[in-house]
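Report on one structure; see the data block that follows.
Computed from the coordinates by the stated procedures, all read-outs in this text should not be read as laboratory data. These numbers come from a predicted model, not from an experiment. Note: ideal-geometry Cβ built from the backbone for every residue, glycine included; neighbour counts use all protein chains shown.
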Amino acid sequence: MSAEYDATEFVDSDFQSASKSPYAAPVSGPAATGRAPSREEVDAKFGETQQKLAELKRAQEELERERASLEEVRRRQLEFQTGREETIQNLTRAIGLLTEAEFVSRRDAEQMAKSMADMEVVLAKVEATNEQSWTKENFAVELTRGLTVVENARMEWNAARVKFPVLSGESPSGAAQPDKAAQPLQAWLAEQNLGQLCKLGLAFTWPLAAVALLVGLLMIFFLRR
């Protein structure tokens, strides 16, 4: 005896559940029918593709502009950092050099002021020496005192000339100028003969010789007394 007929054996339950599902995408177009795409469908697809390419191109251009803007910001940041470090280094070095130069200038100015004060003192002493007021009794003493004042003033003057080249007519900024100035003098001396050079030497040394002779005579005079 055969089994009873069951109608459910000839029903595809998976197909029925898929067709009833609200999320199932409907199949349409040439793929649904199996036919070749029409000219209108190809044109529409081509238009969609062109539109997507245009959107991608606009997005690429926007990214390029953003990249260029970021690159400019990056360049300016690098320029700022480099300029800041360079400026700090230069200003720090300049401050150090100017501080040292200021110290040297202040020291030179203090020395110059001291030398000026000392020269003013010896100048007053030299100007105060008046040989018209000397008498026979105090002549030797006053002459010795006067020679001492003059010698001290000369020593002060020579010391100031060594410290401050400007007193010798030299430029404070360069040391080559005295050599250039001395070249004509050297050339002139080279042209002179021995007799003229001896006369020049006598002209330069006779005041010292006269002073030495006078001092010697005074010493002999006092010793005989």
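Couplings 3J(HN,Hα) of segment 92-101, computed from phi: 5, 5, 5, 4, x, 5, 5, 4, 5, 5 Hz, in residue order, whole Hz [Karplus 6.51 cos²θ - 1.76 cosθ + 1.60, θ = phi - 60°; x for Gly and Pro]. Given +1 at the Cβ of Lys and Arg, -1 at the Cβ of Asp and Glu and no other charges, the dipole of segment 39-100 around its Cα centre is 160 debye to the nearest 20. Please say if segment 26-126 is rounded, prolate or oblate, where rounded means a/c under 1.5 for a ≥ b ≥ c the square roots of the C-alpha gyration tensor eigenvalues, and otherwise the choice is prolate for a/b larger than b/c and oblate otherwise? Prolate, since a/c reaches 1.5 and a/b exceeds b/c. Neighbour counts of C-beta atoms inside 10 Å place Lys136, Lys57, Lys163 in the sequence Lys136, Lys57, Lys163, starting with the fewest.
Residue-wise HN-Hα couplings along segment 156-163, as the Karplus relation 6.51 cos²θ - 1.76 cosθ + 1.60 with θ = phi - 60° gives them from phi, are 5, 5, 5, 5, 5, 5, 5, 6 Hz; Gly and Pro carry x.
A straight chain from Phe139 to Leu78 at 0.36 nm per residue would run longer than the Cα-Cα distance by 13.4 nm. Residues Ser38, Ser115, arranged from fewest to most other Cβ atoms within 10 angstrom of their Cβ, appear as Ser38, Ser115.
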